[in-house]
Amino acid sequence: MRQLIAILAVLVALVGNVTAQDRQSKYDHFFLEAVMQKEKGNNDAAFDLFKHCISIDSTKPEAHYFLGKLYYALKDKEKSQACFEKAVALNPDNTTYLETLAFSYVQSARLEDATTMFERLYENAPGQTEVLNTLVRLYLQQENYDAAVKTLDKIENVEGKSERLAYTKSEIFTMQGKHDAAIEEIKKLADQYPNDLNYRGLYGDALLMNGKEQEALDIFKEILKEEPDNMRAQMSMLTYHKREGDTLVADSLTRSILLNKNTTLEDRVGLLRQEIAASEEAGGDSTKILGYFEQLMKMPDVSTDLVVLYVSYMSMKKMPRQNLESVLEKVVQMMPDYAGARLQLVQYAWDDKNWERVIALCQAARQYTPDLMEFYYYQGIAYSLNDDTDKALDALQNGIGVITQESSPELVSDFYSIMGDLMHQKGMNKEAYAAYDSCLQWKPDNIGCLNNYAYFLSEDGKHLEKAEEMSYKTVQAEPENPTYLDTYAWILFVQKRYSEAKVYIDQALKHDKDTVSGVIIEHAGDIYAMNGDKEKALELWKKAAKREPDNKILARKIKLKKYIKE
């Protein structure tokens, strides 16, 4: 009997092993397949497979972890976090799981839980200063200043003393009201590097922040005596005198810092922004600020950022255009590749209708910024307005060479539209229509192009259905525009749809009866004539003739009292 029991026990054990091995094999198969699907980007399939893995064996942490990542991608933070927590519970020493859960807690503003996780991370791998730096930030967010200082001490033990660590500890001590400790922390750093004026300045700042003004000033003066252009000491002195309301000294220091060769561009622009903000808050007197800019513009290394700020400030203060233009001219001389300044000058010349100057400015700009389409655009139009069609076309065609997928669709569309108009003027109808097609590819609702394209097609008597479709879009967009109404009416007229044409030509005359062009009035006469109203047609032709006295075809219509096809 005992022997039988023993045999049964062995058999049960063997069956259990087979079952465990089978479960492990199934788990491994589905887990590997899940990972492969995830790598292929098939997240839905991976999601189902990882869940199936957990149903096979819920004690495997990696399946919970990967499932958590997928939940995170779906922005389901609650389920994602629960999966990460399960993974950590099953494998509490895995740094990847701990770190992922820790950052998940940070994102959910569970700062205490995040802190616990990062503390465990550090326990698992002591000496990781990245983890300690994160802990410092978490402790500070929770106002646990003592823990933050202790953690900074740990970092210092690994990295040694540094300005960053000393300054952070000093700031914490200041927040705690431990002013002597705050000062002492920086003093130790300064004593360690007695010949480094930067650390001496930092010590002065600590004294200043912790109520030891006179001692701080003495240090700053010593630094400036040894190194008159020490920007840090000047900035600290400026902070003090501004706080004390000593405007005269503060302004003098501001000027010194701005003109200091050691002042970085970032600090210079930052200080100017502060001064502008303070000036505006105090009433907006621009005299002092403009004085700073004028002195800075005389420096040999003027930066683009500084110039932009100067021009922006002058614009904000609504300085006379003459003043702005003078500054922009200097900018162009100093930085010939600064396109923004040239574009503003082009705008001024454009406002003055000084086409020769627009052309000259754009030509110079094309040498320094050959890839900027705007200069080809404005130059082309200026040539056209100056009655030089060939040069206008040349400028625009050169500009097309710099078009990219990132170019402004509106600008590119206008480019092609204007080219089409100019080509049509030169009798290059085939090329003009190709340009219009390109225009509409970039901007299908370019109304001006649609109108011109449609009208020119009607003049040629070609593709009238296409012309009608394009023209109708313009009438829908601007139903009271007499030019667009005239085009649509004329296309209907060419198709011998005279009664329909009369409806639209009447609207064209109605919406702009005082200033409407002679061409539109003549078209109205033609349409009335073909509708059988010869008396009204003659009246309209005579009216059109007063505006176009040299129109010979119109004169013949009046003489013969009938419509004549041109």
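Here are a few things to note about the model shown:
- Put simply, the C-alpha atoms of region 248-315 give a gyration tensor, and the ellipsoid matching it has half-axes of 18, 15, 10 Å, longest first.
- Efficiency of FRET between D76 and E280 - r from beta-carbon atoms, R0 51 angstrom, step 0.05: 0.60
- 0 to 90° range, to nearest 10: angle between helix 265-281 axis and the chain longest Cα axis: 70 degrees
- Sequence of I289, I564 from largest to smallest accessible area, 1.4 Å probe: I564, I289
- Pairs beyond 26 Å (Cα-Cα), from K154/K242; K542/K565; K188/K212: K154/K242
- For region 465-542, with +1 on Lys and Arg beta carbons and -1 on Asp and Glu, the positive-most of S517, S471, F493 along the dipole: F493
- 13 Å Cα-Cα reach of K221 towards aspartates and glutamates, excluding residues that sit fewer than 8 places from it in its own chain: D205, E213, D229
- Portion, in percent, of the accessible area of region 300-400 that falls on carbon or sulfur, probe 1.4 Å: 46 percent
- Cα point-scatterer Debye curve for the chain, base-10 log of I(q)/I(0) at q = 0.06, 0.09 Å⁻¹: -0.70, -0.98
- Between D93 and D390, the simple label model (points 7 Å from Cα in the Cβ direction) yields a spacing of 8.7 nm.
- Of the whole protein surface, C83 contributes about 20 Å² of accessible area at a 1.4 Å probe radius.
- Surface exposure of the chain, expressed per residue as accessible area with a 1.4 Å probe, stands at 55 Å².
- Its relative contact order, with pairs defined as Cα atoms under 8 Å and 6+ residues apart, puts the chain at 3 percent.
- Efficiency of FRET between Q192 and M316 - r from beta-carbon atoms, R0 45 angstrom, step 0.05: 0.45
- Relative to the dominant Cα principal axis of the chain, helix 179-192 is inclined by about 90°.
- Solvent-accessible area of region 158-245 (1.4 angstrom probe, protein heavy atoms only): carbon and sulfur portion equals 49 percent.
- Linear extension gain, T59 paired with I564, 0.36 nm per residue minus alpha-carbon span: 172.2 nm
- Evaluated over region 443-528, the count of Lys pairs having alpha-carbon atoms less than 19 Å apart is 8 (only pairs 8 or more residues apart or interchain).
- With 0.36 nm allotted per residue and the present C-alpha distance subtracted, the F103-E356 stretch has 84.8 nm of extension available.
- Accessible carbon and sulfur surface of region 438-487 relative to its total accessible area, %, 1.4 Å: 45 percent
- Listed residues I558, I276, I521 arranged by accessible area, highest first, probe 1.4 Å: I558, I276, I521
- Using a Förster distance of 22 Å, the FRET efficiency for T247-L290 (Cβ separation, nearest 0.05): 0.80
- The stretch between V503 and L111 holds 133.7 nm of extra length on full extension. This uses 0.36 nm per residue minus the Cα-Cα distance.
- Here region 299-419 is described by how far its Cα atoms reach on the three principal axes: 43, 31, 23 Å, from widest to narrowest.
The values are calculated or read from the model by the stated rules, or taken from the named source; none is laboratory data. Here the structure is a predicted model, which means the values were calculated and not measured. Every residue, glycine among them, receives a Cβ derived from its backbone with ideal geometry; neighbour counts consider all protein chains shown. Accessible surface is based on the protein model in full, side chains and every heavy atom, while ligands, DNA and RNA are left aside. Shrake-Rupley method; radii C 1.70, N 1.55, O 1.52, S 1.80 Å.
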